[in-house]
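Structure first, commentary second.
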Amino acid sequence: MICTEMGALTAAALVAIITGLGHSADWFSGTGFWAHLLPFAGAVLALALLHALVLKFWFLIRPWLAEKAGILPAILAVMIAGGAGVHAASPQFVQELTSLRTLVGGREEAERITIAHQVFAAYRRSNLNDLQRLIERSRAYLPAVQEAAASFNVDPEVLLGVASAESSFLPRDSKDGGRGLFQITAAPAPAMEAARTQLASAKLDLADPRHNAHVGAATFRHYLTEMRGDLFLALLAYNIGPKNGGLQSIMHQYGARDFVTIQPYLQNLPRDYPIRVLSSALAFRLWRVDGKLPRYEEGSNALRIQHIGIPGLETAGPAGSPLSAAFLR
């Protein structure tokens, strides 16, 4: 019984501490010692003392609660944990957690959040009617994309976003040499070989959406590995391709280490490519979760959409669940 109580109270305390630190990170953000760092350190100390006082108070009143009913302390502890759980599931807690992550994660987390808001802004500017038609066209190719995503362990919604940016689900042979659903041009040789292996086919037919999707997924997986799991750099590398050494060569030339530092050096089309892919991927996720495309600027939609999260980038919200039921209903 004591273990149940302590587990419940510890969970509630963690939520409360994150909430307090998240608010403190917002209130005392900055680099000045007296105006920012010292007050934040004081808030951390105050939270620790408050937690100790609450625990002491609990152990003082617990015998009295147990006299009333032996199970009453456990029930009360679980109720407290339940209230904390409700708050932890709210968009407000996501904002508090994001503030704390930004503080603890430093520059990398701040960069991730900055780019994420570029994706949210791109979705906000999108024509939702056009996105609706895009989703309707995608249904015919969903089985091929899902199979390819599973074969190469990539997020299916991100892969749908890639197909959206490449062909808008209107497969064709383009003047620049792109072919099919994923507009395959010069895919890396290891990716082509991996696609052949997964399909158990000696020859790939890029006019076949299933083959095309496997090459697209294999190419994306290739660049994810090359870029050490960095989603933005992998998408950028996918768009740039292997010509002249690809993205790695460009980054070495300019001394860039991540998407934020390489982005200003690129022309508009490749620079914005990861944002366009992920804004489409976000639309696919919203359609799967809500069955509609909510307007970002209406009511509390912005916080809810941020809570649902960007495919491949989210820190909270649903991820990677089956797509078919939502898209084919």
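Where a number appears in this text, it was derived from the coordinates with a stated rule and is not lab data. Please read these numbers as outputs of a predicted model, since none were measured by experiment. Methodologically, a virtual Cβ is constructed for each residue, glycine included, from the backbone with ideal geometry; neighbour enumeration extends over all protein chains shown.
Show me the ranking of peptides 10-20, 211-221 by mean Cβ neighbours inside 10 Å, starting with the highest. Kindly include the intermediate steps, with their values, before the conclusion.
Values: 10-20: 18.0, 211-221: 27.0.
The most tightly packed comes first, giving 211-221, 10-20.
Between Arg295 and Thr185, with labels modelled 7 Å along Cα→Cβ, what's the label distance in nm to one decimal, could you check?
With each label point 7 Å from Cα toward Cβ, the separation is 3.8 nm.
Could you line up Trp64, Trp27, Trp58 from fewest to most neighbouring Cβ atoms inside 10 Å? Don't skip to the answer; put the middle values down first.
Values: Trp64 10, Trp27 13, Trp58 17.
With the sparsest Cβ surroundings first, the list reads Trp64, Trp27, Trp58.
For Ser168 and Ala140, compute 0.36 nm times the residue count separating them, minus their Cα-Cα distance, and round to one decimal in nm. Kindly include the intermediate steps, with their values, before the conclusion.
Numbers: separation 28, 0.36 × 28 = 10.08 nm, distance 1.25 nm.
Gain on extension, Ser168 to Ala140, equals 8.8 nm.
Based on DSSP H runs of at least 4 residues, each adding -39500 (n - 2.57), what is the mean residue ellipticity at 222 nm of the chain after dividing by all its residues, to the nearest 500 deg cm²/dmol? Walk me through the intermediate numbers first.
Details: 15 runs with 231 residues, N = 329.
Only helices count here, giving -23000 deg cm²/dmol.
Give me the count of lysine pairs in the chain whose alpha carbons sit under 27 angstrom apart, restricted to pairs 8 or more positions apart or on different chains.
Numbers: Lys56/Lys68; Lys175/Lys203; Lys175/Lys243; Lys203/Lys243.
Lysine pairs, 8 or more places apart or on different chains, close enough: 4.
Between Phe57 and Thr261, what FRET efficiency comes out of the Förster formula 1/(1 + (r/R0)^6) with R0 = 45 Å and r the beta carbon distance, rounded to 0.05? Don't skip to the answer; put the middle values down first.
Details: r = 50 Å, r/R0 = 1.12.
Computed FRET efficiency for Thr261 and Phe57 comes out at 0.35.
What's the angle, to the nearest 10 degrees (0 to 90), between helix 38-68's Cα axis and the longest principal axis of the chain?
Approximately 60 degrees, to the nearest ten.
Against the longest alpha carbon principal axis of the chain, how many degrees, from 0 to 90 and to the nearest 10, is the axis of helix 2-27 turned?
The helix 2-27 is inclined about 70 degrees to the chain.
Going by Cα centres, the stretch 170-224 and the stretch 124-140 are how many Å apart?
About 24 Å separates the Cα centre of the stretch 170-224 from the one of the stretch 124-140.
Answer rounded, prolate or oblate for the chain, using the Cα gyration tensor with square roots of eigenvalues a ≥ b ≥ c: rounded when a/c is under 1.5, else prolate when a/b is larger than b/c, else oblate.
Numbers: a/c = 2.51, a/b = 1.87, b/c = 1.35.
Taking the square roots of the gyration eigenvalues as a ≥ b ≥ c, the chain is prolate.
How large is the dipole of the chain about the Cα centre if only Lys and Arg carry +1 and Asp and Glu carry -1, each at its Cβ, rounded to the nearest 20 debye? Write down the numbers at each step before the final one.
Details: 29 positive and 26 negative charges, 77 e Å.
Using Cβ point charges on Lys, Arg, Asp and Glu, the chain gives about 380 debye.
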